[in-house]
Every structure is written in C-alpha cells, then in structure tokens.
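Computed from the coordinates by the stated procedures, all read-outs in this text should not be read as laboratory data. Bear in mind that the values here come from a model prediction, so they are computed numbers and not experimental data. All Cβ positions, even for glycine, are placed from backbone atoms using ideal geometry, and neighbour counts span all protein chains on display.
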Amino acid sequence: MRRLIVLLLLIAPGTFIHAQETSAEKEVWQQEEAYWRHVSRGDSKSFKTLWSDRFTGWPDDAARPVDKSKIDVWKISDYKLMPLSVREHGKETVITFYSAKTTVDGKTTEERFTHTWQREKGQWHIVGGMSCYAPCDAPESNAN
C-alpha cells in the first residue's frame, strides 16, 4: 500500500479538478468505491450489479469496446483511488480518476479511468467507461 500511495503522489500533483459537491456526485463516488471493494474481494456477483445492461466501454485490455457480458472482476491485492473530477450532467454523473493497483503477483500499475454512471430504477449503474495505463502518450494541455 505504501508504494501505491507514493505512486499516486508522483502522478497526481495539480490534477484535482472538481470535488464531489452534489448529492448525486457523492453517491456516485461511493458507488465507485464499492466497485473497487468488490474487485479487491473477488466478489463478482456484487460487482456485476453495478453495471447497466446497456453498458458499452473500452477497458485497457480490450481491442475494441465491450458490453456488460465481457465485464468481470480481476485479482488485485491492493488499490488506491484518486478522484480527479466528479461531475453531474443531468441524468448522468461522469467521474475521472487515477487508480494504482497491485496484482496478486506483486505487479503495480497505474491507470486512468472514466466511468459514466446513470440512475436506473433508483440505483446508480455504470453505462459507459474507458481506461488506459498511465501515463498515456497524451500531450499536456492547457485547455480547461
């Protein structure tokens, strides 16, 4: 865990954009934290309840976008999350964050994530997402 915190501190300076402010933003970030607890425990059943049946996303290990049927937990021994932006946009809330995780074989990786959550039948579900290993080869931008 110590290594994960150090890695996040190295990649995070000046990256925090927007804190959770609305009740929806807070609820969605809590759901994102639940997502990672389910992954770390290997709880596939609970993990899959977080995904919309209409989900489309592009995980870093996929050659093209996938649907919910291709989503499942993976094995990690530790993780640390750093929210960068949590924004409510009407019916959806979009979050972006860094994740540093350690696999059960001791390999630590950092990734960038975006998840789009939508309330369906009173529950928040992930309807879209994308991830890539950090650092990605994207140039720095001054655009806000």
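If I model a spin label as a point 7 Å beyond the Cα along the Cα-Cβ vector, how far apart are those points for Ser85 and Asp53 in nm?
Rounded to a tenth, the inter-label distance reads 3.2 nm.
Anything over 26 Å Cα to Cα? Flag those among Lys26/Lys70; Lys101/Lys121; Lys75/Lys121; Lys80/Lys107, in the order listed.
Distance filter (> 26 Å) returns Lys26/Lys70; Lys101/Lys121; Lys75/Lys121.
Can you list which of the trypsin sites (Lys or Arg not before Pro) found in the stretch 37-144 are DSSP loop residues with at most 11 other C-beta atoms within 10 Å?
Listed in order of number, the matching sites are Lys75, Lys91, Lys107, Lys121.
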